[in-house]
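Reviewing the structure listed below.
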């Protein structure tokens, strides 16, 4: 039986383009770099439920990509630092995932086992480390996925994430798996 215990946090703030004139903002928004800087970060809602053990549900509401991957890793770090050990990532509202999003899943899993994630600025070195771990076939006991949309699930399966993270379609079963 699941029991809602408390809401831990709400949202990330919008990153403003303060100090920039409206005409410059308009011009900047035409470039993809400015769009990344001017849009809000990903919102990751956090709810804790009680199963056999306390389980934290992270619920992002946007695509996992270059503009949002650090938000997910930061939220995983935040909940880990507050004592959370078992996490379900509810992906039902994640419409797409890029290679940066895959790196975010890997980084969050690493954080939730008490380790420092790789430096994502290292590029291919990060993906090689991730590939070695995916190939090892060892599933992460403290981080599981819930309800990825078909396109996202297909991407996860193409790179072998189903061997690294359990994927569930039912919240009750996901929580009971801890």
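Tell me the residue from 39, 77 that is over 23 Å from residue 162 (Cβ atoms), out of contact with any strand residue (DSSP E or B) (no Cβ under 6 Å at 6 or more places or on another chain) and modelled with pLDDT of 95 or more, please.
Only one candidate qualifies: 77.
Please work out if residue 68 is in contact with a helix residue (DSSP H, G or I) (Cβ under 6 Å, 6 or more places away or on another chain) and more than 23 Å from residue 174 (Cα to Cα).
Values: in contact with a helix residue (DSSP H, G or I) (Cβ under 6 Å, 6 or more places away or on another chain): no; more than 23 Å from residue 174 (Cα to Cα): yes.
No, not satisfied.
Have a look at 94, 47, 8 and point out the one that is closer than 20 Å to residue 107 by Cβ, in contact with a strand residue (DSSP E or B) (Cβ under 9 Å, 6 or more places away or on another chain) and modelled with pLDDT of 50 or more. Talk me through it step by step, then tell me what you get.
Details: 47 fails: closer than 20 Å to residue 107 by Cβ; 8 fails: modelled with pLDDT of 50 or more.
None of the other options fit; the residue is 94.
Of the residues 147, 172, 160, 107, which is out of contact with any strand residue (DSSP E or B) (no Cβ under 8 Å at 6 or more places or on another chain) and at positive phi?
Values: 147 fails: out of contact with any strand residue (DSSP E or B) (no Cβ under 8 Å at 6 or more places or on another chain); 172 fails: at positive phi; 107 fails: at positive phi.
The unique qualifying residue is 160.
Looking at region 128-178, which of its residues are within 16 Å of the chain's Cα centre (by Cα), without any contact (Cβ under 8 Å) to a residue 40 or more places away in the chain, under 19 Å from residue 76 (Cβ atoms) and in a helix (DSSP H, G or I)?
130
The values are calculated or read from the model by the stated rules, or taken from the named source; none is laboratory data. Being a predicted model, the structure only gives us computed values, none of them experimental. Note that each Cβ is placed from the backbone with ideal geometry, even for glycine, and that neighbours are counted across all protein chains shown.
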